[in-house]
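Structure, as structure tokens:
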Amino acid sequence: MSGTFVGMPAFPTAAKAALGDTQLRHNLSHATGVIRAKRSKLVAEVEENLGWEDLRLAGAAVKDRALRDLETNLVLLEERLSAAGATVHWARDAAEANAIVVAVAKQHAAEEVVKVKSMVTQEIGLNEALEAEGISAWETDLAEIIVQLGHDLPSHILVPAIHRNRAEIREIFIREMGLVGKPAPEGLTDEPAALAGAAREHLREKFLRAKVAVSGANFAVAETGTLVVVESEGNGRMCLTLPDVLVSVVGIEKVVPSWTELDPLLRLLPRSSTGERMNPYTSTWTGVTPGDGPQEVHVVLLDNGRTNALADEVGRQALRCIRCSACLNVCPVYERTGGHAYGSVYPGPIGAILNPLLKGTGDAQTDSLPYASSLCGACFEACPVRIDIPEVLVHLRSKVVDGHRDDTVSKLEAVAFKGAAYVLSDAKRLSLAERGSGLAGRVLSRFGRTTLPGGRRAAGRIPGPGAAKWTSARDLPAPPAESFRAWWKRTDGGTK
Amino acid sequence: MTTARDEILGRVRRALADVEPDREPVASPRLAERPHAEVVDLFAERVEDYRAIVERCTPAQLARKVGAAVPKGATVVVPAGLSVAVKGATVDDGTLTSADLDAIDVVVTDARVGIAETGTIVLDHTAGMGRRAITLVPDRHVCIVRTDQVVADVPDAVELLDPARPLTWISGPSATSDIELDRVEGVHGPRTLHVIIVG
């Protein structure tokens with residue numbers, strides 16, 4: 001019942017549409033601003049009595065250690081999970097993972113499952129796969145319900161409905177809740193507390209009757225076979241505790257080697273994501289506990305491109321990601337375009353590297369993502385596990401370009417650079433070009449449509465192949481009427 | 001036919017052909033030692049920051065404090081082995097269904113660990129805390145934490161806890177900021193968290 005990212009246009013096209021939506025830009029700038037302020041206050045608190053950088057280094061080291069010995073850790077995780085009464089499944093890709101979850105639900109003749117908010121189940125399109133088999137999948141996180149009931153797409157990792165304001169949410173609840181369960185109460189206002197109350201009532205009946213729950217996991221501890229879910233609302237606890245059967249889909253990069261090494265990650269994640277010292281609820285469980293919680297526990301270990309990313313020497317650091325979304329909140333590009341423009345459940349700077357790493361380059365939409373950045377580096381600075389996103393972006397850009405080296409028709413950019421090389425490699429050719437640009441400069445200073453800070457005139461949109469695209473979002477400053485070399489010659493280095 | 005397991009592990013092995021594993025566990029940074037009384041004060045302050053109700057009392061006052069934390073006429077469930085007697089409470093014997101629990105107003109439990117730096121309470125669901133469902137479905141959670149259970153920070157707690165047990169880490173009442181980043185206390189878990197620090 002929700003939308004799909006399949007067939008989304010490349011970033012520049014999608015971003016252009018998003019930039020025209022003033023309501024969206026207002027919602028985004030407010031929301032990212034609020035989280036940024038909360039986060040930086042807590043980072044400063046840790047900096048004062050412990051050292052935020054030391055904690056980041058420890059977090060990055062734990063994830064690196066897990067990934068560098070991934071095979072050992074996965075085999076150990078499987079062994080410990082099985083010993084604790086869980087059934088372990090392996091899935092090469094989305095289709096395999098979905099088939100496993102569908103089979104478990106069918107074994108229990110479940111017509112519906114309740115879901116904990118999970119990035120990985122969105123990545124594999126689990127809800128759609130369940131619905132195709134006649135099984136309803138109910139999202140239970142408030143923002144996810146807003147997205148699901150609104151037949152919409154998530155636009156942020158942590159706050160998927162960040163693009164919606166309270167009035168829009170009220171309308172969605174009034175229109176949709178009654179169609180799938182307990183309707184919104186009469187006279188529902190747009191107060192966040194009232195809207196949260198409506199969601200509580202609507203979902204409680206689903207929690208109390210659900211037989212099967214589906215979750216992801218924030219961490220999976222190899223040494224002990226323990227899964228960890230970090231959340232705020234208590235919907236996670238409901239799903240992890242009340243149903244008889246629990247299926248958790250876990251990306252293979254979620255593994256943490258030992259129990260005590262969870263520590264730096266548990267301290268980094270809430271501060272980086274919601275700007276809280278600790279999230280309201282963290283649940284950990286190890287297989288089945290007799291008499292407490294689900295008595296049938298399944299864990300699906302998923303690859304779905306993660307081993308592609310692991311094989312990339314520069315890109316593999318992206319697998320350290322703990323899905324906190326701090327990089328989204330500090331990104332000047334994300335703040336203006338929102339998450340939908342990235343065409344994936346993983347938006348923002350991390351999405352711009354994770355999608356090409358998981359899926360491979362070569363598709364126009366995926367290939368546009370490494371360019372969705374000004375390379376300002378704010379994301380690296382905010383990342384709690386020190387993923388050097390700009391480094392990976394540049395690396396992926398080179399891969400995208402390499403993919404076009406043998407094209408029979410060269411890209412305009414390649415033609416332009418070849419032309420530049422021809423001109424710049426010879427003094428005579430350069431001086432000729434400079435005379436031409438000086439002339440253009442004189443013309444533009446007269447007729448240029450905009451004035452840049454400092455008074456220099458600039459051209460507006462220039463027609464022509466390549467030029468039109470480049471200048472549609474950039475001002476082209478008028479070239480100086482005289483080049484540096486011409487000035488040097490005329491004044492003998494400024495002495496005449 | 002290769003199984004998914006073998007294929008994935010094979011891909012992992014090939015992807016990491018250039019990498020040496022690192023066998024040394026990572027030690028995480030620790031806060032400087034502080035007097036325990038300060039740690040307990042910080043715990044109380046940080047739990048309160050989440051808009052939970054926080055009270056402190058002596059062991060002799062505990063029964064009265066707990067009694068007062070239960071609203072008049074409210075139904076109460078307690079786990080077996082609770083450190084204090086609660087008048088009129090149903091002791092959970094594992095047979096209460098989720099729907100039964102939904103009709104109960106208050107749960108009173110002990111705790112396993114309190115974490116000062118983050119204002120967190122951890123339940124390991126042994127005696128005095130009971131199975132997970134009883135601290136989840138009722139709308140008010142009264143939780144008793146002894147001062148000697150309070151530790152400075154997360155690494156101290158992780159060391160004390162047994163991962164074989166299911167654990168619930170609680171930092172304030174259930175909350176959401178999903179609507180315009182406006183924090184609302186109380187979604188699906190207990191909407192009121194009442195912490196009594198004893199000792």
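Quick notes on this one:
- Placing a label point 7 Å from the Cα of A:E47 along the Cα-to-Cβ direction, the residues of the range A:379-420 whose backbone N falls under 17 Å from that point are A:379-386.
- Between A:S40 and A:K496, residue separation times 0.36 nm minus the direct Cα-Cα distance comes to 158.6 nm.
- For A:V345, B:V54, order by how many other beta-carbon atoms lie within 10 Å, fewest first: B:V54, A:V345
- Only helices reaching 27 angstrom along their own axis (Cα) with mean Kyte-Doolittle hydropathy no lower than 1.6 count here, and not one DSSP H run of chain A does.
- For the range A:99-113, the residues whose amide N sits under 18 Å from a probe point set 7 Å from the Cα of A:E128 along the beta carbon direction are A:99-102.
- Dimensionless Rg over Rh [chain A; C-alpha; Kirkwood]: 1.05
- Proximal charge balance of B:A15 [Cβ under 13 Å; K/R count +1, D/E count -1]: -2
- Förster radius 35 Å - calculated FRET efficiency between A:V394 and A:H151 (Cβ-Cβ, nearest 0.05): 0.40
- Cα→Cβ-extended label distance, 7 Å offset, between A:E205 and A:K16, nm: 4.7 nm
- Average silhouette area of chain B, convex hull of alpha-carbon atoms, in square nanometres: 17.2 nm²
- Stretch gain in nm, segment A:T72-A:V423, where the contour uses 0.36 nm per residue and the Cα spacing is subtracted: 120.8 nm
- Residue mean of other protein chain beta carbons inside 10 Å, B:185-194: 6
- Listed by chain and number, the aspartates and glutamates placed with their C-alpha closer than 12 angstrom to that of A:K254 are A:D64, A:D303; residues fewer than eight positions away on the same chain are left out.
- Under 20 Å from the Cα of A:K418 - aspartates and glutamates, other chains or at least 8 residues apart: A:D402, A:D406, A:D407, A:D426, A:E434
- Considering only chain A, percent of DSSP beta bridges that pair antiparallel, nearest 5: 35 percent
- If the segment from B:A74 to B:D182 were pulled out straight at 0.36 nm per residue, it would be longer than the present Cα-Cα gap by 35.8 nm.
- Other protein chain Cβ atoms within 10 Å, averaged over every residue that makes up A:43-51: 2
- Least to most buried among B:C143, A:C327 (fewest other Cβ within 10 Å first): B:C143, A:C327
- Number of partner chain Cβ atoms within 10 Å, mean per residue of A:471-481: 0
- By other beta-carbon atoms within 10 Å, ranking B:W169, A:W259 with the fewest at the front produces A:W259, B:W169.
- Using a simple spin-label model with pseudo-atoms 7 Å out from Cα toward Cβ, A:E191 and B:A37 lie 4.3 nm apart.
Here, each number is a calculation from the coordinates, and none is a lab measurement. In this text the structure is predicted, and so the values were computed from the model without any measurement. A quick note on method: Cβ atoms are made from the backbone with ideal geometry, for glycine too, and the neighbour counts reach across all protein chains shown.
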